[in-house]
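Participant: Shown below is the structure under consideration.
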Amino acid sequence: MMLEERKIKILAAIIDEYIATAEPVSSRTIARKYNLGISPATIRNEMADLEESGYLFQPHTSAGRIPSHKGYRYYVDFLLPSKKLNEIDQTLIRRAFEKRVNELEEIAKQAARVISRLTSYTAIIMGPQLETSHLKHIQITRIDETKGLLLMVTNYGNVSHHIIDIPQNFSDSDFVRISNILNANLTGKTFSEITNEIMDAVKTEMIEYDEILNLLLEILLDNLGDIQENTQVVSAGSSKMLEYPEFQDVEKVKSFLSLLEHRELIIKALKDLSKPNAITVTIGNENTLTELQDFSIVTANVSIDKKNLGIFGIMGPTRMEYSRVISILEQVTEYLIKTVSDML
């Protein structure tokens, strides 16, 4: 429902004031600070109407009003001012992505840190590597007469290594040939792209090495499977919630910190709240998890060429600086897409 223009101006002023002060807002404050050209009495009447319609509420008798979740939703949907980041903010974001990092998890950590630093809220990032991680290089080398080292590197810089038993009659040239065959057939492919036909081709080329073939393939597939199944959740700034008056309640803080420790709940929440290639704002009781209903969460679901890179979330009080948060998230995801595109 669209509100009358005067009510819109008063609602916007109350929300802006409450975001800035965390104090209930009186009609006198609005009349004095926002130059709306109407008397405090008229503002009081309009505030009463807004309260009756569910956009504001009065925390206790004789106090001013504060926005309800419905009020914040109207503000975000219809009244949100555009917020351009200043040079300092833009520089901090750019520098976070200029650092030479080859692993996606470290890029995610840097992004989470800069988001939390600039917003003063908690940043949560969910597993950007899942569907796009593929093998970049495979190498097998000798350690001694009976042991070898299988080394695997993904396109995101993740490195894993495994000690394997090797036949004593294997020469160094055998290891070079095996590495070349595996690289020729498997590098550049994700877990889902390694078909039975590809596996059969590898087995045909490596038939003379059947003594270790099955072991090597088992390790390779398990490694890629683990990358796909183990969604990474990176967070930064969880202690920042303690700085807000809304979270001086010890039980609220305990509930929030406990939630961050439950990776599966965070993953479900971020997936439920986000939409592909969009920034979404979820306010208070719109959250499906009871533990999140004191918060607002702004999420960005990022993808490149229809491949999902993960979900970026910013969690803060419902009186969040929505315009600033959205601008920061837009800029960070823009740099993330550029950085990851260079790695793919």
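Participant: FRET efficiency for residue 20 and residue 159, Cβ-Cβ distance as r, R0 = 35 Å, nearest 0.05? Walk me through the intermediate numbers first.
Facilitator: Working: r = 47 Å, r/R0 = 1.35.
The pair residue 20/residue 159 has a calculated efficiency of 0.15.
Participant: Another one. Percent antiparallel among DSSP beta bridges with both residues in segment 246-344, to the nearest 5? Let's see the in-between values first.
Facilitator: Numbers: 15 of 16 bridges.
In segment 246-344, approximately 95 percent of DSSP beta bridges are antiparallel ones.
Participant: Just 67, 59, 81 to compare: in a GNM of the chain, with alpha carbon springs under 10 Å, which one fluctuates most?
Facilitator: Result for the chain, Cα springs under 10 Å: 59 fluctuates most.
Participant: For residue 277 and residue 51, FRET efficiency with R0 = 25 Å and r from the beta-carbon atoms, rounded to 0.05? It would help to have the intermediate numbers written out before the result.
Facilitator: Working: r = 38 Å, r/R0 = 1.50.
Efficiency computed from Cβ-Cβ geometry: 0.10.
Participant: Taking the Cβ-Cβ separation of residue 293 and residue 196 as r and a Förster radius of 41 Å, what is the calculated FRET efficiency to the nearest 0.05? Intermediate values should be presented prior to the final figure.
Facilitator: On the way: r = 48 Å, r/R0 = 1.16.
FRET efficiency, residue 293 to residue 196: 0.30.
Participant: Helix 322-343 sits at what angle to the longest principal axis of the chain, using alpha carbons and giving 0 to 90 degrees rounded to 10?
Facilitator: Once rounded, one gets 10 degrees.
Participant: Could you work out the relative contact order of the chain? I mean the mean sequence separation of Cα pairs under 8 Å and 6+ apart, divided by the number of residues, in percent. Walk me through the numbers before you get to the answer.
Facilitator: Working: 519 pairs, mean separation 68.0, N = 344.
Relative contact order of the chain: 20 percent.
Participant: Net charge within 10 Å of residue 166 by Cβ-Cβ distance, Lys/Arg positive one each and Asp/Glu negative one each, not counting residue 166 itself? Before the final figure, lay out the partial values.
Facilitator: On the way: positive: 142, 147; negative: 144, 145, 165, 174, 211.
Around residue 166, the surrounding residues sum to -3.
Participant: Another question, then. Have a look at 111, 236, 201 and tell me which one the Gaussian network model of the chain (Cα, springs below 10 Å) gives the largest fluctuation.
Facilitator: Looking only at 111, 236, 201, the biggest GNM fluctuation is shown by 201.
Participant: Sticking with this structure for a sec: Test of understanding: what is the full-extension gain from residue 144 to residue 80, defined as 0.36 nm times their sequence separation minus their Cα-Cα distance?
Facilitator: Numbers: separation 64, 0.36 × 64 = 23.04 nm, distance 6.57 nm.
Extra length available between residue 144 and residue 80 comes to 16.5 nm.
Participant: Determine the relative contact order of segment 195-337: mean sequence separation of Cα pairs under 8 Å and six or more apart, normalised by residue count, in whole percent. Mind showing how you got there, number by number?
Facilitator: Values: 129 pairs, mean separation 20.2, N = 143.
In percent, rounded to a whole number, it is 14.
Participant: Let me check I've understood the local charge: for residue 294, count other residues with C-beta under 14 angstrom from its C-beta, Lys and Arg +1, Asp and Glu -1. What total comes out? Intermediate results must be reported in sequence, preceding the final value.
Facilitator: Numbers: positive: 252, 254, 319; negative: 246, 249, 251, 286, 291.
Here the count lands on -2.
Participant: Then there's this: With the chain treated as a Gaussian network of Cα nodes joined by springs under 10 Å, which of 120, 68, 179 yields the largest mean-square fluctuation?
Facilitator: Fluctuation is largest for 179.
Participant: If you work out semi-axes √(5λ) of the Cα gyration tensor in Å from the coordinates, which of [x] 33, 23, 19; [y] 77, 22, 16; [z] 55, 18, 16 do you get?
Facilitator: [z]
Participant: Full-extension gain between residue 342 and residue 98, please, as 0.36 nm times their residue separation minus the C-alpha to C-alpha distance.
Facilitator: On the way: separation 244, 0.36 × 244 = 87.84 nm, distance 1.25 nm.
Residue separation times 0.36 nm, minus the Cα-Cα distance, leaves 86.6 nm.
Participant: Calculate for the chain the 222 nm mean residue ellipticity that helices alone would give, adding -39,500 (n - 2.57) per DSSP H run of length 4 or more and normalising by residue count, nearest 500 deg cm²/dmol. Write down the numbers at each step before the final one.
Facilitator: Numbers: 12 runs with 162 residues, N = 344.
Theoretical 222 nm ellipticity from helices: -15000 deg cm²/dmol.
Participant: Shifting gears a bit: Using alpha carbons only, how many degrees (0 to 90, rounded to 10) separate the axis of helix 263-273 from the longest principal axis of the chain?
Facilitator: 60
No value in this document is a laboratory result; all are computed from the given coordinates. Please read all numbers here as calculations on a predicted model, not as lab measurements. Because the Cβ atoms are built from the backbone with ideal geometry, glycine has one as well, and the counts that use them run over all protein chains shown.
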